[in-house]
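> The structure follows.
Since every read-out is calculated from the coordinates, none of them should be taken as a lab result. The shown structure was predicted, so the numbers you read here are calculated from the model rather than taken from an experiment. Quick reminder, even Gly has a Cβ in these numbers, built from the backbone with ideal geometry, and neighbours come from all protein chains shown.
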Amino acid sequence: MQVLQVQLEVGPDPAEVGRARRWARSRLVGSGIRDDEPLAETLILLISELVTNAVVHTGCPAVLRMLFGAAETAGTAGTVRVEVADTSCRPPQQRHAAGEDTGGRGLELVDGLADRWGWQPEGAGKQIWCEVDRGAPVVQVQMQVGVPGAGVHEPSPAVVTHPA
């Protein structure tokens with residue numbers, strides 16, 4: 001299978017999240033995913049959440065990678081993989097936001113929107129990744145606010161994969 005990989009270095013500043021979104025949008029268009037497709041919006045939201053988590057919770061620079069998998073067979077559209085690597089060795093901590101909380105929903109969104117996601121050690125830090133199958137229907141998520149554990153998979157301190 002052929003894979004096109006592009007990457008962007010992201011500084012440890014929350015303002016970098018907007019730059020990462022703009023960069024990712026242009027790469028999605030270049031890969032044949034139109035800007036107005038629901039898939040593009042889903043991927044941009046996933047990228048925004050993962051990059052935000054990396055720069056806000058670690059205070060470290062990060063690397064955003066997008067991998068566009070070629071179709072396995074005629075008639076299939078392939079997979080888009082998003083990876084965000086940072087230099088913090090702390091594993092991601094899924095939080096459970098309550099009613100009016102302004103944060104704590106990032107990994108819940110990733111869990112609900114991605115077809116698969118997980119994390120693994122990379123160098124001195126870690127990589128958090130998610131995959132969206134291009135031919136699959138886009139998932140619409142309704143968050144159950146204030147319900148602990150609703151639709152959430154807790155990451156363990158090892159390599160974790162979460163099917164949606």
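> Please compute the modelled spin-label separation between S31 and E100, points set 7 Å along Cα→Cβ, answer in nm with one decimal.
4.0 nm
> Step through the residues of the range 48-54 one at a time and calculate ³J(HN,Hα) from phi using the Karplus curve (6.51 cos²θ - 1.76 cosθ + 1.60, θ = phi - 60°), rounding each to whole Hz and writing x for Gly and Pro.
Listing the rounded values in order: 4, 5, 5, 5, 4, 4, 5 Hz.
> Let me ask you something else. Stretch Q5-C89 to full length: gain in nm at 0.36 nm per residue minus the Cα-Cα span?
Gain on extension, Q5 to C89, equals 27.8 nm.
> List the residues, sorted by chain then number, that are 5 or more residues from S88 or on another chain and whose placed amide H is less than 5 Å from its amide H.
Result for S88 returns K126.
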